[in-house]
1. Just the residues that are out of contact with any Pro (no Cβ under 9 Å at 6 or more places or on another chain) and either under 21 Å from Gln48 (Cα atoms) or among the basic types (Lys, Arg) (or both), please, taken from the stretch 84-115.
2. Check every one of the strands (runs of 3 or more DSSP E) wholly within the stretch 72-128 and list those with 2 or more residues that are surrounded by 13 or more Cβ atoms within 10 Å (Cβ to Cβ) and within 13 Å of the chain's Cα centre (by Cα).
3. When you scan the stretch 42-68, how many residues do you find that are without any contact (Cβ under 8 Å) to a residue 12 or more places away in the chain and open to solvent by 60 Å² or more (accessible area, probe 1.4 Å)?
Amino acid sequence: YRVTGLVEAVAAGETVLVPTAFRSATWQPCAEPDRVRATWTIGEFEIQVQLHVGPGGELRAVSMLRWGNPGGVPFGAYPFGVVVEQEGSFGGLSIPTRFRAGWWWGTDRQGDGEFFRAHITAARFSMP
């Protein structure tokens, strides 16, 4: 998605599927020891994603404010999240292979906001 030449925050949630995108992020610890915040600055915009990481370094969840209009509400930044149920390695990169995503993450409406489930069985990456 593009608006006035800017890659929107919509794409930030999908970065969990492209681990090499994290090279351009800045990192900050969160208050919880199993969470970290990745921040990308694109022009005048700052996009933050909180990652929940397991004891072995595996990704467990992602949360962020994501641009959209879930359920027809006015467009804006709303809580969004991804729960990773399984990871796999393809070509030396580990990615989520079973996950679900939705709006209203971390709120009492989270159960109603889930709209996407995926199971990735193969992936191929090309490096420049």
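The values are calculated or read from the model by the stated rules, or taken from the named source; none is laboratory data. Keep in mind that this is a model prediction, so the values were computed, not measured. Glycine gets a Cβ as well: all are built from the backbone with ideal geometry, and neighbour counts include every protein chain shown. These accessible areas exclude ligands, DNA and RNA; they are computed on the full protein's heavy atoms, side chains included. Shrake-Rupley method; radii C 1.70, N 1.55, O 1.52, S 1.80 Å.
1. Of everything in the stretch 84-115, those that are out of contact with any Pro (no Cβ under 9 Å at 6 or more places or on another chain) and either under 21 Å from Gln48 (Cα atoms) or among the basic types (Lys, Arg) (or both) turn out to be Pro96, Arg98, Phe99, Arg100, Ala101, Glu114.
2. Output list reads 76-90, 93-103.
3. 3
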